[in-house]
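One structure is given below, encoded as structure tokens.
Just so it is clear, none of the values below were taken in a lab; they were calculated from the coordinates. This structure is a prediction, so every number in the text was calculated from the model and none was measured. When we count neighbours, we look across all protein chains shown, and the Cβ atoms used for this are built from the backbone with ideal geometry, even at glycine.
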Amino acid sequence: MSTARTADLWWKNAVFYCLDAETFRDSDGDGAGDLVGLTERIDYLAGLGITCLWLMPFYPSPNRDDGYDITDYYGVDDRLGTLGDFVALVRTAKDRGLRVIIDLVINHTSDQHPWFRTARRSANSRFRDYYVWQDEPQDEPDAEVVFPDAEDSIWSWDEQAQQWYLHHFYGHQPDLNIASPAVREEMAKIAGFWLELGVDGFRVDAVPYLLETGGIDGELQLDPHSYLKDLRSFIARRRGDAVLLGEVNLPTDELVAYFGDEQADEIQMLFAFPLMQQLYLSLARQDARPLAAAVRELPEVSEQSQWAIFVRNHDELTLDKLSDDEREEVFAAFGPDESMQLFGRGLRRRLPPMLDGDQQRLRLVYSLMFSLPGSPVLFYGEEIGMGENLDIEGRLSVRTPMQWTDGKNAGFSDARPSRLRRPVTEGQFGPLAVNVSDQERDPDSLLNWMQRLIRRRRETPEFGWGAWQLLDTGDDAVLGHQCDWEGRRVLALHNLSSSPRELRVAVPDTGASEVVDLLGSDGKALELENGRLELKLEGYGYRWLRVRPSTA
Ligand code: GLC
């Protein structure tokens, strides 16, 4: 594999880090984080070793859905800074070797967007067709509302327009009509604008909804995937190595279609939602089999496609694809209290409190996340083990200010605490116990461990590029897999149970006689005898091993 190719297809072996500038670092003491504050912390992120930032929406917005309700696609919200600050941020990130992708929210706008305000005023406006209208709502819409706590239908009546409009999300987020050529044109212009300002791609929000028109797709003559093909080829024309990372929460067999024909002409990266959900079931059961089944089901990807592996994102930790009984098992293990659950399908907690702060188990999960086939995506604060604040409503419980120090406002802002847009987390996972400053000084901290893990992951491209295969570990609690690439092989073993395990692992088709430990501190080699590896894993133990080719 040429190095040029691995550099061009950079997302195959990237480490993503998602954050919202609003909760990262406040530079001017107004209580909200901003782009200047983030720019000042780029060296922290570069030092951590991540390779690509994913910025959550920073566009002008009434902020009724944390910025996913946009009123201007070409700007930066006043709270967060200016376009000039944005360019300075991207410039600084590039200087430190980081790429930047941003959220592209094309399923809907805010109802305060000038397009919608004009559209609802007049049926003759050219913006009317930017949205999806009906004289009567569908009796049985083909889709359910995404936020059942707030909405009971995907159609809302608009007094001014005297028609119903489609919205899969909140009523204040009318769906755009992607079947309209003018809307497609606008979206290309928007993507093109940000590419010119230096971004390396987009996290595409709510993709499957984009293609649903609430039961009237026949009339709109929408070919579901044609839009994604258009968008991809437009972006490829503008910038060959820009990436699209799609939010598509569908069962694996349907999910793959979003890579496009031959997995080559739509979205390059898809979040591995099914894998993530089975991972939590496996953790709850201390049994690797559900996860193993999900890995087995994961189709191989083409050279340019990639899975995005995550254990937490900014939304509820959705468990919607598990059966009711399975979901209850995960709820019972990790979020038994109703206040920890959301929409009947997910959890609004972060991982460390779910695992009762068990450091060994936490590291097991991140070791898995960084070795499963794909590219890992961290959510800010995961590297230090931040917890949630359940006093904050809904999904925002996991979007508290970044914890930099044990001082005022966790070092996030100099504002009076009452002026903070969102309160910091308190208690066991609050800044007194969990913060960057303390962890930077402690060689055994999660932060320093994570930094070593990231470095090792970047040095082990087999996980991102290789063909994967499950290993027979002879133990249901232990997941074993190997990744082969360019004549090199790495193995990963993960013990999901709390008890130690003695293993005899079968390593197929190898004449090698040794494996080398990639994460342990002594770097000792282990013998591989006749394709058998004998080793002991402690409770929640994990190993990454590189097969050393025989020199004989
Ligand atoms: C996506 C985002 C979520 C947002 C929704 C509507 O699912 O991840 O945070 O609320 O889209 O834009």
Problem set entry | Full-stretch length increase - residue 332, residue 197 - with 0.36 nm per residue and alpha-carbon distance subtracted | 43.9 nm
For this session: Stick to Cα atoms and the Kirkwood definition of Rh, then tell me Rg/Rh for segment 114-166.
Result: 1.00
Exercise. Rg(Cα) of the chain divided by 2.2 N^0.38 Å?
Worked result: 0.97
Problem set entry | FRET efficiency, residue 502 to residue 433 (Cβ-Cβ, R0 41 Å, nearest 0.05) | 0.70
Exercise. Between segment 253-284 and segment 105-129, what is the C-alpha centre distance in whole Å?
Worked result: 33 Å
Seminar exercise, completed: Note: residue 95 to residue 30 extended length (0.36 nm per residue) minus current alpha-carbon separation gives 20.6 nm
For this session: Could you calculate the contour length gain from residue 426 to residue 226, that is, 0.36 nm times the residue separation minus the distance between their Cα atoms, to one decimal place in nm?
Result: 67.2 nm
Exercise. Hey, which aspartates and glutamates would be in cross-link range of residue 524, C-alpha to C-alpha under 16 Å, not counting anything within fewer than 8 residues on its own chain?
Worked result: 514, 534
Exercise. What is the magnitude of the charge dipole of segment 186-290 about its Cα centre, with +1 placed on the Cβ of each Lys and Arg, -1 on the Cβ of each Asp and Glu, and no other charges, expressed in debye to the nearest 20?
Worked result: 420 debye
Exercise. If you find the alpha carbon centre of segment 6-21 and of segment 501-552, how far apart are they in angstrom?
Worked result: 29 Å
Problem set entry | Antiparallel DSSP beta bridges within the chain, percent to nearest 5 | 65 percent
For this session: Mind putting a number on the dipole of segment 466-549 about its Cα centre? Charges go on the C-beta only, +1 for Lys and Arg and -1 for Asp and Glu, and I need it in Debye to the nearest 20.
Result: 160 debye
Exercise. Out of 487, 512, 537, whose Cα points farthest toward the positive end of the dipole of segment 466-549 (charges: +1 Lys, Arg; -1 Asp, Glu; placed on Cβ)?
Worked result: 487
For this session: Please give every one of the lysines within straight-line cross-link reach of residue 94, meaning a C-alpha to C-alpha distance under 21 Å, and leave out same-chain neighbours fewer than 8 residues apart.
Result: 12
Exercise. Using 7 Å Cα-to-Cβ label points, what is the residue 257/residue 356 separation (nm, one decimal)?
Worked result: 4.4 nm
Exercise. What relative contact order, as a whole-number percentage, does the chain give when Cα pairs under 8 Å and 6 or more residues apart are counted?
Worked result: 12 percent
For this session: Mind checking which aspartates and glutamates have their Cα closer than 16 Å to the Cα of residue 408? Skip sequence neighbours fewer than 8 apart in that chain.
Result: 26, 28, 30, 426, 438
Problem set entry | Label point at residue 302 placed 7 Å out along Cα→Cβ; residues across segment 253-271 whose backbone nitrogen lies under 12 Å | 257-269
Exercise. Order of 434, 507 from fewest to most other C-beta atoms within 10 Å?
Worked result: 507, 434
